[in-house]
Amino acid sequence: MNKPLALPGAIQSLVQGDRVHRDLYLSDEIFALEQSRFFSRAWTYLGHASQVPNPGDYLTQDIAGRPLVMVRQPDESIKVLYNRCAHKGTQLVSDACGNVGKFFRCPYHAWTYKLDGAPLAVPLRNGYEGTRLRECESGAGMVALRHVAVYRDFVFVRLSERGLAFDEYFGEVLHAIDNMVDRSPSGKLTVAGGAMRNVVNCNWKMYLENINDTVHPMSTHESATHAASELWKGRPADEPKPMAMEQILPFGAGYDFFDKMGGRIFPHGHSVLGVNFSIHSSYARLPEYEQAMREAHGEARAADILQRSPQNSVLFPSLSVKGSPQAIRVIRPLSASRTLIEAWAFRVDGAPDLLFERSMTYNRLVFSPMSVVAHDDVHLFESMQRGLRADGNEWVSLHRDHRPGEFDPPTQTTNGTNELLMRNQFRAWLALMSADEASDA
Amino acid sequence: MSPAPQIEFTESAVQGFIEHEAALLDDARLDEWLNLFAPDGHYWVPLQGAKQADPWSHNSIAYEDLLLLRLRVERLKNPRAHSQHPPSQCQHVLQRPHLERMDAVSGTATVRTAFVYVEARGEEQLVLAGRCRHELRCMPEGIRIQLKRVDLLAPERPLPAVQLFI
C-alpha cells in the first residue's frame with residue numbers, strides 16, 4: 001500500500017468487505033496504532049477473580065504494552081492499577097502473582113501506596129516541602145484504571161477514556177461466560193492447574209481468525225487425527241474411549257459437520273461458533289452431575305446449559321471460551337509478528353473432578369507447547385506470516401459465503417463454514433481503529 | 001514384580017540405559033524408543049517442573065501413556081505432519097546419570113540426569129535445560145521405563161512449539 005497511515009481513509013482502505021490487506025498482519029506501524037487505539041479502546045480480559053482471593057493478592061499483566069497489576073482490596077473489591085511507582089517508574093511488583101500485604105512498597109526508594117494506589121508515605125518527607133510534588137502526577141500515587149468490569153469473576157479492562165461501556169460492548173456474547181460458569185451448580189469457577197503459555201511468531205489476528213476457522217481441521221490436523229483414528233481402528237463403537245481419544249478424534253470430522261454446527265455473530269466482533277453442536281458435544285454423560293445441575297438451575301435451564309457446548313465463543317479481541325470443557329484461551333499480542341497465547345483451566349464448584357480433568361486434558365492435548373494438534377496450527381500461522389511478504393497479491397481472502405450488506409441484522413446466525421465470523425472481527429477492528437483517527441492519551 | 005536374573009540390573013547398566021534412551025531420541029529411532037517403556041509406563045513433563053507433586057492436581061506440558069506416545073510417533077511418520085517441513089532434529093546433552101535409589105529385590109531404580117536439550121528446525125533453535133527422573137523397572141525383556149519425568153527450568157514461561165521428545 002505504502003500510503004501514509006496518517007492520511008484520511010488510509011486504514012479504511014486496508015479492510016474491504018470480503019478481504020483484508022496484508023499490512024494488518026505485517027506492519028509495525030499498524031501494530032503501534034493498534035496499541036494506542038484498538039487495544040486501548042476495546043475491553044480486554046485481564047484475569048479471573050479467583051486468582052486474587054485475599055486482600056493484598058495481586059496479579060501482574062501487560063495489556064496493550066502497558067504494565068498492569070490487578071489487586072484485591074480490603075473491602076474484597078478488585079482494582080487494577082498501572083504497575084509503576086509514581087516516583088521513577090519502577091514496577092511495584094515483578095512476580096506474576098503474589099501478596100503485597102497491606103500496602104505496596106517500591107523496592108527502589110521505599111515509596112509506599114495503599115492497595116487502591118493512594119500515596120501513603122515517602123522517605124525524607126521534609127525534602128519535598130516547598131516543591132511541586134504534591135501538585136503533580138508523581139504526588140498522586142499509582143494510577144488506577146477507571147474502566148474495570150468484573151463479570152461473574154472475569155475481570156476486563158478498558159484503558160482508554162474512549163470506547164463503549166462494558167455491557168454495550170459485549171452484549172449477548174456474555175452468555176458464553178454464563179454457559180461456562182453455570183456448569184457449576186453453585187455458579188463458581190476457580191482457575192486451577194496453571195496456564196499453558198505458547199509464543200507464536202505470527203500476528204494475533206491469524207490466531208483469532210483460526211478460532212473461528214472450521215475448514216482447516218481436516219487438512220491442518222490430518223496427521224494427528226489420522227494417527228488417532230488408526231490407533232483406535234477396529235474398536236467397537238460403543239467401547240468407552242480414553243479421554244484423550246474422546247477429545248482428539250472429533251477433530252477429524254468433515255466439512256459437513258463443521259458447516260452444520262452453525263455460527264452466530266454479534267456487534268463489535270464477537271461470535272459463537274457451534275451454536276447447534278460442536279466437537280465437544282459427545283463427551284460422556286454424567287448422570288449424578290446432571291441431576292445436581294437440575295436441582296440448582298431447574299430442568300429447563302440445566303438442559304439449556306448442558307446441551308450447549310459451542311466450539312468457541314470469542315469475546316473480541318482477547319478471550320476465547322469453551323463452555324465444555326471449561327477452558328479459555330487468552331490472546332496477548334506482543335508485536336506485529338509475535339503473539340502469546342495462554343490456555344487456562346477451571347475447577348467447577350459442585351461438579352465432579354472429571355470436569356477439571358477434562359479441562360486440563362483438553363488444554364494439554366490441544367494447547368500445550370508439546371501439543372500434536374497445535375504444532376501444525378503454529379507452523380501454518382508462522383508460514384502465513386512469512387508467505388504474506390510475497391509480491392503479486394497483497395490481500396487475504398475472506399470471500400467464503402460473502403454477501404453485500406451482510407451485517408443487517410448485526411446479530412445473526414449462519415452456517416458454520418461462513419467466513420462471516422472473521423469478517424465481523426475485521427469490521428469491529430476497523431471501527432475501533434478509525435474512530436476519530438486520533439490516538440488516545 | 002520379581003527381579004529378572006538374566007537381565008543385568010546394576011548402576012552401570014542403568015546409566016547405560018539412560019544414555020541409550022537419549023541416543024534413540026537423537027537418532028529418531030522412535031519405535032525402538034517406545035519399546036523402552038513398560039506397558040503401563042508414562043512420559044511426563046510437569047508444568048510446575050520439579051516442585052509439582054502429581055499430574056492430576058496441576059496441569060502438565062505433557063503427560064502421556066503409551067497410546068498417546070504412539071500417536072505422537074505415528075503422526076511424525078505422516079508426510080502431512082506439516083510442522084515437520086522442515087523436520088526437527090534434537091540433541092540431548094546429559095550429565096552423568098545419578099542413581100538415587102536401586103532395589104534389587106523389587107527390580108526398581110530411580111535415576112536422576114541433568115540435561116540440556118536442543119531442538120533445531122529450519123533457521124530456529126530451541127534450548128531447554130532441566131533434569132530427568134527415570135523410574136525404571138527390571139523386566140524379563142530388559143530394563144523398562146515406568147515413568148520418565150522431565151523437570152524443565154521455568155516450564156511455565158511462554159514456550160515455542162517443542163515438537164520432539166525432551
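For residue A:152, the conditions (1) basic (Lys, Arg); (2) on the phi < 0 side of the Ramachandran plot; (3) away from every other protein chain (no Cβ under 14 Å); (4) touching a residue at least 24 places away in the same chain (Cβ under 8 Å) are fulfilled apart from (2). Yes or no: region B:123-134 includes at least one residue that is in contact (Cβ under 8 Å) with a residue 24 or more places away in the chain, more than 27 Å from residue A:195 (Cβ to Cβ) and under 17 Å from the mean Cα position of the chain (by Cα). Within region B:123-134, one or more residues are in contact (Cβ under 8 Å) with a residue 24 or more places away in the chain, more than 27 Å from residue A:195 (Cβ to Cβ) and under 17 Å from the mean Cα position of the chain (by Cα).
Here region A:360-385 is the region considered, the condition is being among the charged types (D, E, K, R) and facing another protein chain (nearest Cβ under 8 Å), and the residue that is nearest to residue A:189 (Cα to Cα) is A:364. Within region B:27-82, how many residues are under 22 Å from residue A:358 (Cβ atoms) and aliphatic (A, V, I, L, M)? Qualifying residue count for the region: 10. Please determine, by comparing only the residues of region A:235-263 that are crowded, with 22+ Cβ neighbours inside 10 Å and farther than 16 Å from residue A:215 by Cα, which one is nearest to the other protein chains (Cβ to nearest Cβ). Looking at the filtered set, the residue picked out is A:248. Scanning region A:336-376 for residues that are more than 23 Å from residue A:284 (Cα to Cα), among the aliphatic types (A, V, I, L, M) and part of a loop (DSSP other than H, G, I, E, B) yields A:336, A:370.
Can you tell me which residue within region A:215-230, out of those that are surrounded by fewer than 16 Cβ atoms within 10 Å (Cβ to Cβ) and of a type in the set (S, T, N, Q), is farthest from the other protein chains (Cβ to nearest Cβ)?
A:229
Filtered by the rule that a residue be within 7 Å of chain A (Cβ to nearest Cβ), crowded, with 19+ Cβ neighbours inside 10 Å and touching a Ser or Thr at 6+ places or on another chain (Cβ under 7 Å), region B:43-81 gives B:45, B:47, B:61, B:62, B:75, B:81.
Here's the yes/no breakdown for (1) in a helix (DSSP H, G or I); (2) surrounded by fewer than 18 Cβ atoms within 10 Å (Cβ to Cβ); (3) in the same structural domain as residue A:170 (by TED's automatic domain parsing):
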position	(1), (2), (3)
A:293	yes, no, yes
A:300	yes, yes, yes
A:328	no, no, yes
A:334	no, yes, yes
A:380	yes, no, yes
A:384	yes, yes, yes
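The values are calculated or read from the model by the stated rules, or taken from the named source; none is laboratory data. This is a predicted model, so every value here is computed, not measured. In this analysis, Cβ positions are derived from the backbone assuming ideal geometry, glycine residues included, and neighbour counts consider all displayed protein chains.
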